[in-house]
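Here's the structure we're looking at; comments come further down.
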Amino acid sequence: MIFDIYIVDLRIMSLQRKLQVWKMGIVNYLDALQLQQKLCSDRKTGKIPDTILSLQHPPTYTLGKRRTSHNLLVPEADLKNIGAELHYTERGGDITFHGPRQAVVYPIISLRDIGLGARKYVETLELAMIELASLYGVIARPGGKCETGVWVGDEKIGAIGVKISLGITCHGLAFNIDPDLNYFNHIVPCGILDKGVTSLRRETRLDLPADEVIQKELIQCLARLLRYDAIEWREDESYLFEVYGIK
Amino acid sequence: MASRMLWASRAACHLRISLFRRGFASVIEHFKYADSHEWADVDGTYAKIGITDHAQDHLGDVVYVELPEVGATVTKGKNFGAVESVKATSDVYAPVSGDIVEVNTKLSDSPGLINASPYKDGWIIKVQISDSTELKSLMDSEQYTNFCEEEDAKH
């Protein structure tokens, strides 16, 4: 009898939805992309659980699958002079900028396991950023049709660009804590003319804690919305790079 | 819970989507279906391929379709293209292997056909089937309907 209960206990434990979160520092865009591809591959075969990378990038512009390079307003050659890189990706969405003080979150998770489609997943990413903003008294909202992302008034505070392959996600979201917004002047952000960008720093009246705290809160919002039962936090990014042969 | 529902309805309003979705998406009886939500309309040695009503509903408004070239080969279970919706690109997988004989080029200008008419005007490619035994592993409309219901129940 007790043996039966023990077996049931173990089954319940294994039914728990676990999330592994890697808290990383500033990671070069291509290194992060390579890492995601390998993690995605391992997630597809079930080698690793649902995983999230939480990091920031050095100044980087990226384009999505549609290659909308007309939304880059300066010659590509000039980007080096302003200390930025440009990369072409397979994610959805238009051109965007990543840089220090911007929280970047890359969930590598199985949507099939939770029966979520692309639309619902993206809505959940939006909700997580909206909830985070509300922790600092900022009222953000999702965009209108064809304006995926998170807005404060007419200015964008959070962007989304995702790729889904065999039901596994990669790329993800970027939330402006306090990046240098001047970098956005060189692009038409997300291809949407006449709408600007903003940051948590600009919108809140509260003192902001360290980025690390805000990034953790963002992950917690997302984990709760995606109904994970347990989060395992990892900080040894060098281990991750070593295992996957990055750098 | 109530505040979340209120929130969700506000968000839905902004996103211009209906909260009151149908209980299940439509299927076409004589089509075959893959568990990655593509359909195959088999006609002799040819098959037209697209994504299902369930798939387009879960994707949201399709804004871009990455189409393969005529003459390319597709392999069952491997991706042959992609669709983009709501800032997400999702791969599309071949339910059967074969050579592409026709591509729906209308999707380049009108990607929304996939949402509006997933089984007819939103077809993606037509292939000459290379191995008809592969069809046996596809689901029929009833099996696919049950499959969708089970998947949706997970959430």
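The values are calculated or read from the model by the stated rules, or taken from the named source; none is laboratory data. Note that the structure is a prediction, hence the values are computed from the model and not measured. We place every Cβ from the backbone using ideal geometry, glycine too, and count neighbours over all the protein chains shown. For the accessible areas, the whole protein counts, side chains as well, though only heavy atoms, and no ligand, DNA or RNA atoms are used. Shrake-Rupley method; radii C 1.70, N 1.55, O 1.52, S 1.80 Å.
A few points about this structure:
- For the protein assembly as shown, alpha-carbon Rg relative to the globular expectation (2.2 N^0.38 Å, N residues): 1.01
- For the peptide A:118-125, the mean number of other protein chain Cβ atoms found within 10 angstrom of a residue's Cβ is 6.
- Dipole magnitude of the protein assembly as shown, debye to nearest 20 (Cβ charges: Lys/Arg +1, Asp/Glu -1, about Cα centre): 540 debye
- Among beta bridges that DSSP assigns inside the protein assembly as shown, antiparallel share in %, nearest 5: 75 percent
- Per-residue accessible area (protein heavy atoms, 1.4 Å probe) orders B:Lys136, B:Lys126 as B:Lys136, B:Lys126, starting from the largest.
- Per residue, the accessible area of the stretch B:59-130 comes to 40 Å² when a 1.4 Å probe rolls over the protein heavy atoms.
- Cα lying deepest toward the dipole's positive end in the protein assembly as shown, options B:Thr52, A:Cys221, A:Leu63, charges on Cβ: A:Cys221
- Using a probe of 1.4 Å, the accessible surface attributed to A:His98 totals some 10 Å² when neighbouring protein chains are kept in position.
- Inter-chain shielding of A:111-117 (mean C-beta neighbours from other protein chains, 10 Å cut-off): 6
- Using the Karplus relation 6.51 cos²θ - 1.76 cosθ + 1.60 with θ = phi - 60°, the per-residue 3J(HN,Hα) values for the stretch B:47-63 come to 9, 8, 10, x, 10, 7, 4, 4, 5, 5, 5, 6, 7, x, 5, 7, 10 Hz, with x marking Gly and Pro.
- Only protein heavy atoms count here; on that basis, with a 1.4 Å probe, B:Thr73 has an accessible area of about 100 Å².
- For the chain pair A and B, the interface hides roughly 3100 square angstrom of accessible area in total, found with a 1.4 Å probe.
- Charge dipole magnitude, Cβ of K and R +1, D and E -1 - the stretch A:110-233, Cα centre, debye nearest 20: 440 debye
- Spin-label model, A:His87 to A:Leu193: label points 7 Å out along the Cα-to-beta-carbon direction sit 3.0 nm apart.
- The magnitude of the dipole of the stretch B:115-155, with charges of +1 and -1 set on the Cβ of Lys/Arg and Asp/Glu and taken from the Cα centre, is near 240 debye.
- Karplus (6.51, -1.76, 1.60) ³J(HN,Hα), θ = phi - 60°, over the stretch A:54-68, in Hz, Gly and Pro reported as x: 10, 7, 10, 10, x, x, 8, 9, 9, 10, x, 4, 6, 6, 7
- Within a straight-line Cα-Cα reach of under 27 Å, B:Lys120 can be paired with the following lysines, leaving aside sequence neighbours fewer than 8 residues apart in one chain: A:Lys65, A:Lys120, A:Lys145, A:Lys163, B:Lys32, B:Lys48, B:Lys76, B:Lys78, B:Lys87, B:Lys106, B:Lys136.
- 3J(HN,Hα) along the stretch B:68-73, derived from phi through the Karplus expression 6.51 cos²θ - 1.76 cosθ + 1.60 where θ = phi - 60°, amounts to x, 8, 5, x, 6, 9 Hz, with x in place of Gly and Pro.
- Across chain A, the mean sequence separation of Cα contacts (distance under 8 Å, 6 or more residues apart), normalised by length, yields a relative contact order of 26 percent.
- Scattering from the stretch A:85-226 was approximated by placing one identical point on each alpha carbon and applying the Debye formula without solvent; log10 I(q)/I(0) at 0.20 1/Å stands at -1.29.
- Cβ-based charge dipole, the stretch A:40-188, positive-most Cα from A:Thr89, A:Ile109, A:Leu53: A:Ile109
- Cα gyration tensor shape for the stretch B:78-155, rounded if a/c is under 1.5, else prolate or oblate: oblate
- Taking every DSSP helix (H) stretch of at least 4 residues in the protein assembly as shown, weighting each as -39,500 (n - 2.57) and dividing the sum by the residue count yields a mean residue ellipticity at 222 nm of -8500 deg cm²/dmol.
- Counted residue by residue at 0.36 nm each, then reduced by the alpha carbon distance between them, the extension gain from A:Gln37 to A:Lys18 reaches 4.8 nm.
- Residues in the stretch A:124-148 that a label on A:His70 would reach, taking backbone N under 14 Å of a point 7 Å out along Cα→Cβ: none
- Exercise: per-residue mean of other protein chain Cβ atoms within 10 Å, A:133-142: 1
- Per residue, in Å², the accessible surface of chain A once ligands and nucleic acids are set aside, probe 1.4 Å: 44 Å²
- Spin-label zone in the stretch B:117-155 - amide nitrogen under 15 Å from a point set 7 Å from the Cα of B:Ser26 along the C-beta vector: B:117-123
- Panel note: contact residues of the stretch B:53-67 (accessible area lowered by at least 40 Å² against the chain on its own; 1.4 Å probe) correspond to B:His58, B:Asp61, B:Tyr64.
- With the simple spin-label model, which puts each label point 7 Å out from Cα in the Cβ direction, the A:Glu212 to B:Phe147 separation comes to 4.7 nm.
- Accessible surface of chain A [probe 1.4 Å, protein heavy atoms]: carbon and sulfur percent: 53 percent
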